[in-house]
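Engineer: I have a structure here, written as C-alpha cells, and I will follow up with some questions on it.
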Amino acid sequence: MHTGAAAQAYIDLLPSRAEVIENFSYDSLYRDMECRPLHHIEGIWQFTADGITIAIDRHSPNQAPSSSAMTGYRMILISAPNRSLRPGTVIGLIAPTAKAGTYEARIHTSQKGLSVTGSGKFTLTLDDEESRIVFSRHKSAYSINLWRALPYMFRHVVRKNEKRESSEGCIRIFPQPARPHEPVYL
C-alpha cells in the first residue's frame with residue numbers, strides 16, 4: 001500500500017460521530033508532550049477565528065492499516081467557547097503526506113445538539129517556522145447551480161470551481177515557536 005492510500009485509509013477511520021476520550025485530562029496530555037520529542041505538527045494549537053484550542057497528538061489505532069509504520073495524529077478538543085463541546089472530543093484524524101509540512105485530514109465539521117458529526121476532507125499546511133497551520137477544505141472540481149438554469153435552460157448550469165486560498169487555521173501555543181506571533185516590545 002503506498003503512502004497516499006495508507007493516509008487515506010487512516011483518516012477514513014474517523015467515526016461518523018465524534019468520540020470522547022475517557023478520563024481525558026489536559027494536564028496529563030500536556031505533561032506527556034513535555035516529556036517526549038514531538039513531531040513537527042504535534043502540540044497545542046488555537047484557531048484564530050473562534051479561539052477553539054486543540055491538541056494534535058500521535059496516535060496508532062488498533063484498526064490501523066496493515067502498514068502501521070505510518071504515523072497518524074488525533075485532533076483533540078481542549079476548550080471551546082461553545083460549552084456543549086466536551087474537552088477530550090476527537091474531532092479529526094491527520095496523516096502526513098509525501099510533501100514536507102503537508103498533511104491530509106478528515107475533520108468533523110458540524111454539531112447537532114451535543115453530538116459532533118459530519119466530516120470533511122482537508123489539507124493542512126504547516127508553515128516554515130512551524131508556528132501556523134492553514135486548513136484548506138477539499139471541494140469538488142465542479143458544481144451545479146440549478147437556479148441559473150431557470151431563466152435560460154442549459155446556460156452555464158455546470159461551472160468549474162476555482163480554488164481559493166484559505167486563511168483559516170491555527171497558531172501554535174505549545175511548544176512555544178522560535179519566533180513569537182507578535183513582536184514583544186520591552
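Engineer: Scan segment 126-146 residue by residue and report those that are closer than 20 Å to residue 49 by Cβ, surrounded by fewer than 16 Cβ atoms within 10 Å (Cβ to Cβ) and modelled with pLDDT of 85 or more.
Structural biologist: Those that are closer than 20 Å to residue 49 by Cβ, surrounded by fewer than 16 Cβ atoms within 10 Å (Cβ to Cβ) and modelled with pLDDT of 85 or more: 127, 137.
Engineer: Looking at segment 12-57, which of its residues are open to solvent by less than 60 Å² (accessible area, probe 1.4 Å), over 29 Å from residue 113 (Cβ atoms) and within 18 Å of the chain's Cα centre (by Cα)?
Structural biologist: The answer is 38, 41, 42, 43.
Engineer: Then there's this: Going through segment 102-121 one residue at a time, which ones are under 13 Å from the mean Cα position of the chain (by Cα) and in contact (Cβ under 8 Å) with a residue 24 or more places away in the chain?
Structural biologist: 102, 103, 104, 105, 106, 107, 108, 119, 121
Engineer: To continue, here is another question. How many of the residues making up segment 62-97 are charged (D, E, K, R) and either farther than 21 Å from residue 20 by Cα or at pLDDT 90 or above (or both)?
Structural biologist: 2
Engineer: Tell me the residue from 100, 178, 105 that is under 30 Å from residue 36 (Cα atoms), surrounded by fewer than 16 Cβ atoms within 10 Å (Cβ to Cβ) and at pLDDT 85 or above, please.
Structural biologist: 100
Engineer: Out of all the residues in segment 88-115, which are within 24 Å of residue 5 (Cβ to Cβ) and assigned to a loop (DSSP other than H, G, I, E, B)?
Structural biologist: Within segment 88-115, 97, 98, 99, 100, 101 meet the criteria.
Engineer: Of the residues that sit in segment 2-50 and are assigned to a loop (DSSP other than H, G, I, E, B) and among the charged types (D, E, K, R), which one is modelled with the highest pLDDT?
Structural biologist: Applying the filter and picking the extreme gives 42.
Engineer: Restricting the first residue to segment 123-139 and requiring it to be in contact (Cβ under 8 Å) with a residue 40 or more places away in the chain and of a type in the set (Asp, Glu), which pairs with a second residue that is open to solvent by less than 80 Å² (accessible area, probe 1.4 Å) and in a loop (DSSP other than H, G, I, E, B) meet a Cβ separation below 9 Å and a spacing of at least six or different chains?
Structural biologist: Every condition considered, the pairs that remain are 129/177; 130/41; 130/101; 130/177.
Engineer: Shifting gears a bit: Which condition number in (1) farther than 19 Å from residue 38 by Cα; (2) surrounded by fewer than 16 Cβ atoms within 10 Å (Cβ to Cβ); (3) modelled with pLDDT of 95 or more is the one that residue 155 fails?
Structural biologist: Here residue 155 clears every test but (3).
The values are calculated or read from the model by the stated rules, or taken from the named source; none is laboratory data. Nothing here was measured: the structure is a model prediction, and the numbers come from that model. Glycine also receives a Cβ, built like all others from the backbone with ideal geometry; neighbour counts cover every protein chain displayed. Heavy atoms of the whole protein, side chains included, go into the accessibility calculation; ligands, DNA and RNA do not. Shrake-Rupley method; radii C 1.70, N 1.55, O 1.52, S 1.80 Å.
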